[in-house]
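Participant: Got a structure for you, written out below as structure tokens; questions coming shortly.
The values are calculated or read from the model by the stated rules, or taken from the named source; none is laboratory data. As the structure is a prediction and not an experimental result, all values here were calculated from the model. Cβ coordinates were reconstructed from backbone atoms using ideal geometry, including for glycine residues, and neighbour counts include every protein chain displayed. Note: accessible area is taken over every heavy atom of the protein model, side chains too, but ligands, DNA and RNA are not part of it. Shrake-Rupley method; radii C 1.70, N 1.55, O 1.52, S 1.80 Å.
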Amino acid sequence: MATTSASASALLHHVRTGRARSRAELVALTGSSRNTVSARVDQLIAANLLEEGGRGWSTGGRPPTLLRFNSRAGCVLAVDLGVTSVDVAVTDLSAEILATVGHPIDIADGPEAVLAEVDRLAQVVLAEAGLTPADVCAVGVGVPGPVEFSTGRPVHPPIMPGWHDHPIPSAFGRYDCPVFADNDVNVMALGEMGIAGSTEDVLVIKVGTGIGCGIVVDGQVYRGAQGSAGDIGHISVPPPHGVPVLCRCGNENCLEAIAGGGALLRDALAAGLPVTTTRELVQLAAHGDGPALELVRNAGRTIGTVLASLVNFFNPHRIVMTGGVAQAGPPLLAGIREAVYGRSLPLAARALDISVSAAPDLSGRLGAALMAIEGFLDEDAAYQVARAGAGAPTAR
Ligand SMILES: [Zn+2]
């Protein structure tokens, strides 16, 4: 969003992020006329999205009336769809969770069955929060596969049989509001950034069964031309011991075929470790088991060689690791840091922070909520003003 714009959504953004607290500050920040700013602020107040409250410090003359974002002007539904479970939350417009519920599902049951369950859970959380479908301003959905963001349709998702080209937004027709769907890594990246206003450049790396990367540029998720930016799992890396490894995509020596969760389990079983799932292997490593530690550290080194290239190319402020394998923590980070700091250019690596997500279970829901909120508030201001004309949305 251009910071010099004086569109209603831009003005709202400045108030939400604390860059401006009064009409005068909005005028100064945008360079627009006092009349233009006042008219749009009045529209936003009529739409219940801004409210006036208190007086600021005067720099001579009458002290200015302060403006506040009304985060209770409506709510959004946040859906974090996984392979074996789904979490549905309802949040206010500052992404504060009002009610949340989780339930086991099997993503392979297909979109009709799974989205019917999501619909049921959404009604449960709305009732728990004392809200109705009419209060919902937007819906955000994170899914474990590639999504064409503009249409909300998954595109040949490898672990979501039956979901190809299914219009996810159509499942939320009862809410009569915009629905945004994106892959889970992009959604988690938004969640890791937290509430709007960040201007950092961040890579959020999810290491689960597969490996993906959410790219955050200046606080915004970067999706690329078709929405597949950050699909680093299929970047080619040198195979261990020079023996080619086949990937599920059909190519050889992809990063996730060598260092993803599935690859770790395969190697652990081949080495005779007493585990049946990746999660068990991660727990074994976390308890200091030597061979498990070595496997995880090696995966970290391999991931790190790819991240080193990304750091040289992108020069991020931060890298955040998330996903099931990231829960191994120190041994994975040790391997990654060794490769990244050993191979990145000093200027790019000097202030680079590499860490594990502090709230990996929450970031999916938080990110889905933020995606919905940003989408709703960035929509054409006329939409909100039209809503205000039809009767202001009241959540509480
Ligand atoms: Zn591949």
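Participant: Go through Gly242, Gly250, Gly288, Gly227 for me and flag whichever is within 16 Å of the ligand (Cβ to nearest atom), of a type outside the set (Ser, Thr, Tyr) and modelled with pLDDT under 95. Give the steps one after another, and end with the answer.
Facilitator: Working: Gly242 fails: within 16 Å of the ligand (Cβ to nearest atom); Gly288 fails: within 16 Å of the ligand (Cβ to nearest atom); Gly227 fails: within 16 Å of the ligand (Cβ to nearest atom).
When all the criteria are applied, what remains is Gly250.
Participant: Of the residues Ala95, Ala129, which is at pLDDT below 95 and farther than 24 Å from Pro157 by Cα?
Facilitator: On the way: Ala129 fails: at pLDDT below 95.
Just one listed residue meets the conditions, Ala95.
Participant: Tell me the residue from Val207, Val216, Val202 that is within 16 Å of the ligand (Cβ to nearest atom) and open to solvent by less than 10 Å² (accessible area, probe 1.4 Å), please. Spell out the reasoning first.
Facilitator: Working: Val216 fails: within 16 Å of the ligand (Cβ to nearest atom); Val202 fails: within 16 Å of the ligand (Cβ to nearest atom).
Checking each option against the conditions leaves just Val207.
For (1) surrounded by fewer than 22 Cβ atoms within 10 Å (Cβ to Cβ); (2) assigned by TED's automatic domain parsing to the domain that holds Gly145; (3) in contact with a Phe, Trp or Tyr (Cβ under 6 Å, 6 or more places away or on another chain), each residue gets a yes or a no:
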{"site": "Val187", "(1), (2), (3)": "no, yes, no"}
{"site": "Tyr222", "(1), (2), (3)": "yes, no, no"}
{"site": "Val237", "(1), (2), (3)": "yes, no, no"}
{"site": "Cys249", "(1), (2), (3)": "yes, no, no"}
{"site": "Ala259", "(1), (2), (3)": "no, no, no"}
{"site": "Ala263", "(1), (2), (3)": "no, no, no"}
{"site": "Val282", "(1), (2), (3)": "no, no, no"}
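Participant: Could I ask something else about it? Take the conditions within 15 Å of the ligand (Cβ to nearest atom), surrounded by 14 or more Cβ atoms within 10 Å (Cβ to Cβ) and either in contact (Cβ under 8 Å) with a residue 12 or more places away in the chain or over 18 Å from Pro157 (Cα atoms) (or both) and apply them to Leu255. Does it pass? Steps first, please.
Facilitator: On the way: within 15 Å of the ligand (Cβ to nearest atom): yes; surrounded by 14 or more Cβ atoms within 10 Å (Cβ to Cβ): yes; either in contact (Cβ under 8 Å) with a residue 12 or more places away in the chain or over 18 Å from Pro157 (Cα atoms) (or both): yes.
Yes; evaluated as a whole, the condition is true for this residue.
Participant: Follow-up question, since we're still on this one. Among the residues of segment 111-158, which ones are over 27 Å from Ala99 (Cα atoms) and exposed (fewer than 15 other Cβ atoms within 10 Å of the Cβ)?
Facilitator: Within segment 111-158, Ser150, Thr151, His156, Pro158 qualify.
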